[in-house]
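The values are calculated or read from the model by the stated rules, or taken from the named source; none is laboratory data. Everything quoted here is computed from the prediction, not taken from an experiment. Don't worry about glycine lacking a Cβ; one is built from the backbone with ideal geometry, like all the others, and counts go over all protein chains shown. All accessible areas refer to the heavy atoms of the entire protein, side chains included, with ligands and DNA or RNA removed. Shrake-Rupley method; radii C 1.70, N 1.55, O 1.52, S 1.80 Å.
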Amino acid sequence: MRVWLVILIGLAGFSAMAQQRTILAVGAHAADMDLTAGAILAHQKKLGDRVVILHMTLGEAGDPYLSPEKYAVQKRQEAEASAKALGAEVIIGPYPDAMLPNNEEARRFVADVIRQVQPTYVITHWKNSFHKDHRNTSAIVTDAVLMAELEAVKTDHPPYRGVRGVFYADNWEDSEGFHPYIYIDVSDVFDQWKGAIREYQMVRGGVSPFAYFDYYTSHLAEEGALVGRKYAASLDVDESAKRQVLDSLR
Ligand SMILES: [Zn+2]
């Protein structure tokens, strides 16, 4: 017999765990984390948490009508407007779209951001994706969480060992092997989140053939229906993070 464990963390769940947390979401391209984790970030912000988004690249190569230079200016403005609407701080990495290097330098860059921001939780891409920048971001971030702890890794800031968990966001481009493990009730911020993601032209339409707005809004409704809430967003974790030790069955 297979027993499914669904952990539903809503207003009471995360808030009962600590007073104020800092959540750092790291995406490959501006809009990735807004779309996949933005509702969770807005929800946690409402609970009093500090929320920060790091976009490794602006995702400036994706507009068929604008040069990357011009689209980068637009994406930066959109990223700032979306973050503001979510109640998040925003950091934009120095890397070019489609050419995010999977190397030590990128790991040191993220490790230094982690040391500066001092997150309680980190959210990033799931390890499998058909997009190279997404796969690289996932690998870079998971290594950087460990590197940020180490004295031997020298960056501009001292070591930081406070990350309690890494979560993976539910992205249509990263779906291979992704299984929702935690569902967060985001019904209270759904409209706010919809307004935030529509700051991006690629979400409103006319840039990509993919129907971002329709997909993500209906996906949160679908996830909510699965767990008995109006809207929910899901996260996965590493297999090792699923291990629970109990003194007895509850
Ligand atoms: Zn992306």
For the SER67, GLU176 Cβ pair and Förster radius 22 Å, calculated FRET efficiency rounded to 0.05 is 0.10
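Go ahead and estimate [θ] at 222 nm for the chain from helices alone: -39,500 (n - 2.57) per DSSP H run with n ≥ 4, summed, over the residue count, rounded to 500.
Estimated from H runs of four or more residues: -12000 deg cm²/dmol.
Per residue, how large is the accessible surface of the chain? Use a 1.4 angstrom probe and give square angstrom. If you can, show how the numbers build up before the last one.
Working: 11950 Å² over 250 residues.
Accessible area per residue, the chain: 48 Å².
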HN-Hα J in Hz across the range 162-178 - Karplus 6.51, -1.76, 1.60, θ = phi - 60°, x for Gly and Pro
x, 6, 8, x, 10, 10, 10, 7, 8, 10, 4, 7, 10, 7, 5, x, 7
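For the range 189-226, which chymotrypsin sites (Phe, Trp or Tyr not before Pro) are in a loop by DSSP, counting at most 13 other Cβ atoms within 10 Å?
Numbers: sites: PHE190, TRP193, TYR200, PHE210, TYR212, PHE213, TYR215, TYR216; in loops: TYR200, PHE210.
Counting only loop positions with at most 13 other Cβ atoms within 10 Å, the chymotrypsin sites (Phe, Trp or Tyr not before Pro) in the range 189-226 are PHE210.
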Can you compute 3J(HN,Hα) from phi for each residue in the range 188-202, using the Karplus curve 6.51 cos²θ - 1.76 cosθ + 1.60 with θ = phi - 60°, rounded to whole Hz and x for Gly and Pro?
5, 10, 4, 5, 4, 5, 4, x, 5, 5, 6, 5, 8, 4, 5
How big is Rg to Rh over the chain, alpha-carbon atoms, Rh as the Kirkwood inverse-mean-distance radius?
0.95
For HIS131, the residues 5 or more places away or on another chain with a placed amide H closer than 5 Å to its own amide H are none
XL table LYS75/LYS230; LYS132/LYS242; LYS75/LYS194; Cα-Cα > 19 Å flagged, in table order, is LYS75/LYS230; LYS132/LYS242
Ignoring ligands, DNA and RNA, please state the percent of accessible area on the chain from carbon and sulfur, probe 1.4 Å.
53 percent
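Output the peptides 38-44, 108-114, 159-165 sorted from most to least packed, where packing is the average of other Cβ atoms within 10 Å over each peptide's residues. Present the calculation step by step, with values, prior to reporting the outcome.
Working: 38-44: 28.3, 108-114: 22.7, 159-165: 14.6.
Per-residue mean Cβ counts within 10 Å order the peptides as 38-44, 108-114, 159-165.
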Karplus 3J(HN,Hα) series, Hz, for the range 45-50 with 6.51 cos²θ - 1.76 cosθ + 1.60 (x for Gly, Pro):
4, 4, 7, x, 7, 8
